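Colleague: Handing you this structure, nothing more for now.
We did not get these values from a lab; they are worked out from the coordinates using the rules stated. Remember, it's a predicted structure, so these values are computed and weren't measured experimentally. Cβ coordinates were reconstructed from backbone atoms using ideal geometry, including for glycine residues, and neighbour counts include every protein chain displayed.
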Amino acid sequence: MTINPQDKKLMNEIREFLLPKKHYVKRRAQGYLKHDYLVPGGYYSEQWDWDAFFIGVALASEISSEAIYLKNWALNYFTIVKDDGYAPACITSKGPETNHRAMLTKPFIAQGALLASRFLQDFSWIKPNYAKLVKMVLYREKNLWSKEFDLPVWGNWMESGADNNPSILNFEPGTVIACDLSTFVYRNYLAMSKIAYEFNIKKDATFFKKRASEIKLNMQKYLWDQTDDTFYNFSTINKQFIKHHSYSNMVPLWEHIASDADGKKMIKKYIINPKKMWAKYGIRTLSKDDKLYNQKNIIHPYSNWQGPVWPICNYLHMWGLLQYGFKKEAIDVARKITKICINDLKKTGGMHEDYNAETGKPLAADNFVSWNLLVGNMILDCYNNSNPFQIK
């Protein structure tokens, strides 16, 4: 599909703005970080699990050799992983975080290793770390898992990364089966299967592929509400859906977890509904009719996922729209987020973590770069239907 002149102009403009910003996310190896690493530039200066994963793919999707940073991201975790497979989400040059940010790494390690190897056309670096990788992938299933529903649970609300998402906020630790987490684990297991297949380890390849299929089926069985036509997070304490229409509900659409019919119903009912998630400046992180909906500019003690527009979320939701045939709406999202970041760069010289869904005003964390680098790819990815995160 040919990019129209206006969208091509937007794409070129955002890429020109982002080019000099890329050095903000790169750091030289130091201390505990044995390999050159990626940081969410601006407010942050340490290696984070999902931030660096998304940054790494953003860099590599434009210049494949830049996947060296995605490879290094994985190698830094392999350096500090415990014998049982535990690895922290956040690593500083002085060591893993030990305060309130000391939490288990999110399930992206196999995804990142697979994608880095594909971009670099080299899987050899994984081989000496294969045993560590398997332990890391399986750690959550052994320690943070609902056996009753055979799905993963977040250790706590901070571990989710979507700090004050009401679909998990203030619930007892280890009691929320989450839509976003389950999708990430599903992708991680698929990636692990691909890696095992690459090394002709057929037993592992079969095991992880089977587990991925089981996770997908259990998500459809336990996280999909047939009455409301949507995914919800689920409480293992009261055995009920957590009925907030939030960012996390929509993540399964990124990986086409819902059937075609169900996905289309969910999108029409919630995502492209202006009374729910659809806003003038992008897709909200919480439904407009939720009693907790707000546009507060906060980052302490957490960032705001209760309404503001986050570019990373909109990138994932753009793919959710594309998965179910809503290309017109997906292009609209790509335009909105590209424009909001261009306006920010022109006015402030940088970007922010999130933006006011109603006014487009920048909110928290000025000079934030991080996964916002994906905005440079949104229009092109959308038009070409070229997904740099493709696992299958």
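Colleague: Using packing as a proxy for protection, rank 46-54, 190-198 so that the peptide with the highest average count of other Cβ atoms within 10 Å comes first.
Modeller: 46-54, 190-198
Colleague: Next question. In cubic angstrom, how much convex hull volume per residue do the alpha carbon atoms of segment 31-143 span? Don't skip to the end; give the middle numbers.
Modeller: Working: hull volume 10.8 nm³, N = 113.
Taking the convex hull of the Cα positions in segment 31-143, it is 96 Å³ per residue.
Colleague: Taking the beta-carbon count within 10 Å as an exposure proxy, list ILE331, ILE379, ILE80 from fewest neighbours to most.
Modeller: ILE80, ILE331, ILE379
Colleague: Based only on Cα atoms, what mean projected area does the convex hull of segment 237-392 have, in nm²?
Modeller: 10.1 nm²
Colleague: Viscosity 1.567 mPa s, temperature 4 °C: give me the Stokes-Einstein translational D for segment 8-76 in µm²/s, with Rh taken as the Kirkwood radius over C-alpha pairs.
Modeller: Here the translational diffusion coefficient equals 104 µm²/s.
Colleague: Right, next: Can you put HIS35, HIS244, HIS352, HIS300 in order, fewest other beta carbons within 10 Å first?
Modeller: Working: HIS35 17, HIS244 22, HIS352 25, HIS300 6.
Neighbour counts put them in this order, fewest first: HIS300, HIS35, HIS244, HIS352.
Colleague: Taking every pair of Cα atoms in segment 147-271, average 1/r, invert it to obtain the Kirkwood radius, and report Rg/Rh to two decimals.
Modeller: Radius of gyration relative to Kirkwood radius: 1.00.
Colleague: Could you tell me which helices of the chain pass both thresholds, a Cα extent of 27 Å or more along their own axis and a mean Kyte-Doolittle hydropathy of at least 1.6, with helices taken as whole DSSP H runs? Walk me through the numbers before you get to the answer.
Modeller: Numbers: long enough: 179-198 (29 Å, 0.10); 202-222 (30 Å, -1.20); 327-348 (31 Å, -0.51).
Membrane-span-like by this rule: not one helix.
Colleague: Along the charge dipole of the chain, pointing to its positive end and built from +1/-1 on Cβ of Lys, Arg, Asp and Glu, which listed residue (SER45, ALA178, PRO274) has its Cα farthest out?
Modeller: Going by the charge dipole, the pick is PRO274.
Colleague: Which entries in LYS71/LYS347; LYS94/LYS142; LYS21/LYS135; LYS9/LYS328; LYS275/LYS392 show an alpha-carbon gap greater than 26 Å?
Modeller: Long pairs (Cα-Cα over 26 Å): LYS71/LYS347; LYS94/LYS142; LYS21/LYS135; LYS275/LYS392.
Colleague: How big is the charge dipole of the chain about its Cα centre, in debye rounded to the nearest 20, if each Lys and Arg gets +1 on its Cβ and each Asp and Glu gets -1 on its Cβ?
Modeller: 460 debye
Colleague: Let me ask you something else. Return the ratio Rg/(2.2 N^0.38 Å) for segment 224-287, where Rg is computed over Cα atoms only. If you can, show how the numbers build up before the last one.
Modeller: Working: Rg = 11.7 Å, N = 64, 2.2 N^0.38 = 10.7 Å.
For segment 224-287, the normalised Cα radius of gyration is 1.09.
Colleague: A further question on this structure: Between TRP154 and residues 5 or more places away or on another chain, which pairs have amide H atoms under 5 Å apart, with H built 1.01 Å from N, and which residues are they?
Modeller: Result for TRP154 returns VAL176, ALA178.
Colleague: List the pair-distance distribution P(r) of the chain, using every Cα-Cα distance, as the percent of pairs falling in each 10 Å bin from 0 up to the bin containing the longest distance, rounded to whole percents.
Modeller: Spelled out per bin, shortest first, that is 5, 24, 36, 27, 8, 0.
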